1. Taking only C-alpha pairs under 8 Å that are 6+ residues apart, what is the relative contact order of the range 60-153 in percent?
2. Counting only other residues whose beta carbon sits under 11 Å from that of Tyr97, what net charge do I get with K and R as +1, D and E as -1?
3. Which of the peptides 74-80, 125-131 is most tightly packed, and how do the rest follow, going by the mean number of other Cβ atoms within 10 Å of each residue?
4. Fully extended, how many nm does the chain gain between Asp131 and Ala105 (0.36 nm per residue separation, minus their Cα-Cα distance)?
5. Picking from His81, Ile40, Ala61, whose Cα lies most toward the positive end of the charge dipole for the range 27-85 (charges on Cβ: Lys, Arg +1; Asp, Glu -1)?
6. Among residues other than Gly35 whose Cβ falls under 14 Å from its Cβ, what is the net charge (Lys/Arg +1, Asp/Glu -1)?
7. Can you give the local net charge around Pro127? Use residues other than it whose beta-carbon is closer than 14 angstrom to its beta-carbon, Lys and Arg +1, Asp and Glu -1.
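Just so it is clear, none of the values below were taken in a lab; they were calculated from the coordinates. Model, not experiment: these values are computed from the prediction. Glycine gets a Cβ as well: all are built from the backbone with ideal geometry, and neighbour counts include every protein chain shown.
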Amino acid sequence: QEIEASRHRDRRKKEGDFKMTTPSRKRILVVDDDGNFLKIIRMRLELADYDVVTALNEDEAITNMREETFALSIVDLKLVHKDGISLMEEMHAINPYMPIIILTAHGSIESGVEAVKKGAFNYLTKPFDPDELLLQIEKAIENQRLVSEVRRLEGLLKGRYDFQNIVARSKKMQE
């Protein structure tokens, strides 16, 4: 497993992955009611150079969301008090732009479609291929970076070309 993660890290370096050029590691919040699963996924994600915060329940996840900023969250569909889709909606109320990947051992096409319709970046079933999860994480973070850049550029364009910023130069226009 360690060799596999090392190979993935080496492949990303060779491909010039954008994360390798950023100065800080990306923080990921993982929410699951299975402590053993949290330990395993933390280990795999840390080997892939992510900072990982784990939460065993919904309250812990929401507290972490209010205290820290995360690049992404991974949420189990079946939790102690509510389902992962409801938790995802609460998390998006705090940080609407954070991508969330839903994981489940009880996958169905209907729940996958519902999760994506309600805002999940993706939906993976357990057991999952670790490389597939890392690929989805990278895609989600890159997608978020691009969406943020588009929003920033739209703001600049709106400010520059807004009707109020159009200056009339002719005498008739100024009247």
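1. 26 percent
2. With Lys, Arg at +1 and Asp, Glu at -1, the neighbours total +2.
3. 74-80, 125-131
4. 7.6 nm
5. Towards the positive end, the residue furthest out is Ile40.
6. Residues near Gly35 contribute -3 overall.
7. Values: positive: Arg44, Lys126; negative: Asp32, Asp34, Asp76, Asp129, Asp131, Glu132.
My count for the surroundings of Pro127 gives -4.
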